[in-house]
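Encoded as structure tokens, the structure appears first; notes follow it.
The values are calculated or read from the model by the stated rules, or taken from the named source; none is laboratory data. In this text, all values refer to a predicted model and were calculated from it rather than measured experimentally. Glycine also receives a Cβ, built like all others from the backbone with ideal geometry; neighbour counts cover every protein chain displayed.
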Amino acid sequence: MNVLVTGGAGFIGSHVADKLLERGDKVSCVDNFNDYYEPEMKKRNIKQAQQNRNFTLYREDILNLKQMEDIFGKAKPEAVIHLAARVGVRPSLKEPLLYEEVNVKGTLHILELCRKHGIRKIVFASSSSVYGANKKVPFSEDDRTDRPISPYGATKKAGELLCHSYNSLYRMDISCLRFFTVYGERGRPDMAPYKFTKLISEGKEIDVSGDGRTKRDYTYVADIVQGVTAALDRELGYEIINLGNSNTVELQYLIGLIEKELGKKARIKEMPMQPGDLPVTCADITKAKRLLGFSPRTKIEAGIKNLVAWYNQQRQQQAK
Ligand SMILES: NC(=O)c1ccc[n+]([C@@H]2O[C@H](COP(=O)([O-])OP(=O)(O)OC[C@H]3O[C@@H](n4cnc5c(N)ncnc54)[C@H](O)[C@@H]3O)[C@@H](O)[C@H]2O)c1
């Protein structure tokens, strides 16, 4: 298949691109390498993919509609995996207008381009953030999502709604996948698993809010990729599907695992809960199992081991 992946140089996008290349698909990667985190990390993420002749990189902003039109004309994708977004809950409180522009208008650009170019299959990256402060655990796709508690969560909900309108109007096949705290190799430096690995390894203090008792449904990136490719391969109409591990882990347990793998103690600075943060996330993945055959295989202990091993290897390579 010929697939266009937006945000393809990012954490999840680069893993998705690698998987598609591995199975012989063609990948057109669109990414603007913004500086939300070090663009060099994104360059490293796709270094291997760039050796593959089935991989084409388009360094572009999805907000540039004219240039994106040209890319769609050249790449002629049969399907689009739309992962490009402004990410993170806390920074969305500081720059809500930017989040709205990239995540809502940017998503509409992608939908419009798909409509114009007759592309019927779209996979859209949504987020567990749409559930807001949902008290009912685990989170089911049928739970209320009209009360997100951060601009980021609201923009992801808006993306899902736009996707629904395009499915309804133009019969496009769109899967909105709600990812739950993804971690693993090439992990995002603003998220706890990578951030804490780096800080603990460097002997620096880590900020821990809410007593370390907040709980997340950490989901290993290879499992997420399996869910994304399964959604790509199936005709589903319009569906919203949770992709999580369905197993919550306390922050302090996560820190303990990182300490164990690094062989180093964390220096913890206690912080109050941050606005927009959720006390707990946990995915009900019954629907993902039924529709996608989704079955996350990676336990947090094994996933953190892989993350830390990768981190150490990266550090050694960069020190050379
Ligand atoms: N990582 C998670 O835990 C998680 C959880 C829920 C949802 N998601 C969603 O999954 C997707 C991928 O997230 P990620 O963790 O890989 O983040 P990431 O920041 O590593 O990847 C996003 C990529 O999109 C690119 N991008 C951003 N704005 C762009 C624009 N205007 N034009 C072109 N490219 C642009 C960035 O440069 C980056 O490479 C996002 O849509 C995110 O909201 C991620």
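Tell me whether the range 233-244 contains one or more residues that are under 20 Å from the mean Cα position of the chain (by Cα), of a type in the set (S, T, N, Q) and farther than 24 Å from Gln274 by Cα. Yes - at least one qualifying residue is present in the range 233-244.
When Asn247 is tested against (1) out of contact with any strand residue (DSSP E or B) (no Cβ under 8 Å at 6 or more places or on another chain); (2) polar (S, T, N, Q); (3) buried (at least 20 other Cβ atoms within 10 Å of the Cβ), only condition (3) is not met.
Apart from one condition, Gly88 fits all of (1) near the ligand (Cβ under 10 Å from one of its atoms); (2) surrounded by 24 or more Cβ atoms within 10 Å (Cβ to Cβ); (3) not acidic (Asp, Glu); the exception is (2).
Scanning the range 24-35 for residues that are out of contact with any Leu (no Cβ under 7 Å at 6 or more places or on another chain), in contact (Cβ under 8 Å) with a residue 12 or more places away in the chain and more than 6 Å from the ligand (Cβ to nearest atom) returns Gly24, Asp25, Lys26. With respect to the conditions (1) closer than 24 Å to Lys135 by Cα; (2) crowded, with 18+ Cβ neighbours inside 10 Å, Asp277 falls short on a single one, namely (2). Residues that are surrounded by 14 or more Cβ atoms within 10 Å (Cβ to Cβ), under 18 Å from the mean Cα position of the chain (by Cα) and among the hydroxyl-bearing types (Ser, Thr, Tyr) are absent from the range 305-320 altogether. Phe196: closer than 21 Å to Met273 by Cα, surrounded by 21 or more Cβ atoms within 10 Å (Cβ to Cβ), in contact with an Asp or Glu (Cβ under 6 Å, 6 or more places away or on another chain) and modelled with pLDDT of 95 or more, yes or no? Answer is no for this residue. Against the conditions (1) over 19 Å from Tyr194 (Cα atoms); (2) crowded, with 16+ Cβ neighbours inside 10 Å; (3) within 13 Å of the ligand (Cβ to nearest atom); (4) not aromatic (Phe, Trp, Tyr), Ala75 satisfies every one except (3).
Might you let me know whether the range 94-103 holds any residue that is in contact with an Asp or Glu (Cβ under 7 Å, 6 or more places away or on another chain) and outside any strand (DSSP E or B)?
The answer is no, given that none of the residues of the range 94-103 is in contact with an Asp or Glu (Cβ under 7 Å, 6 or more places away or on another chain) and outside any strand (DSSP E or B).
Residues in the range 288-304 that are crowded, with 18+ Cβ neighbours inside 10 Å and either among the charged types (D, E, K, R) or not in a loop (DSSP other than H, G, I, E, B) (or both): Ala288, Leu292, Ile300, Gly303, Ile304.
Inspect the range 257-271 for any residue being farther than 24 Å from Leu162 by Cα, assigned to a loop (DSSP other than H, G, I, E, B) and within 21 Å of the chain's Cα centre (by Cα) and give the result as yes or no.
Within the range 257-271, not a single residue is farther than 24 Å from Leu162 by Cα, assigned to a loop (DSSP other than H, G, I, E, B) and within 21 Å of the chain's Cα centre (by Cα).
Within the range 189-218, residues that are farther than 26 Å from Ala283 by Cβ have Cβ atoms under 8 Å from residues that are of a type in the set (Val, Ile, Thr) in these pairs: Leu199/Ile206; Ile200/Ile206; Ile200/Ile255; Ile200/Ile258; Glu205/Ile268, counting only partners at least 6 apart in sequence or on another chain.
All of Val80, Val102 fail the test of being surrounded by 15 or more Cβ atoms within 10 Å (Cβ to Cβ), within 11 Å of the ligand (Cβ to nearest atom) and among the β-branched types (Val, Ile, Thr), apart from Val102.
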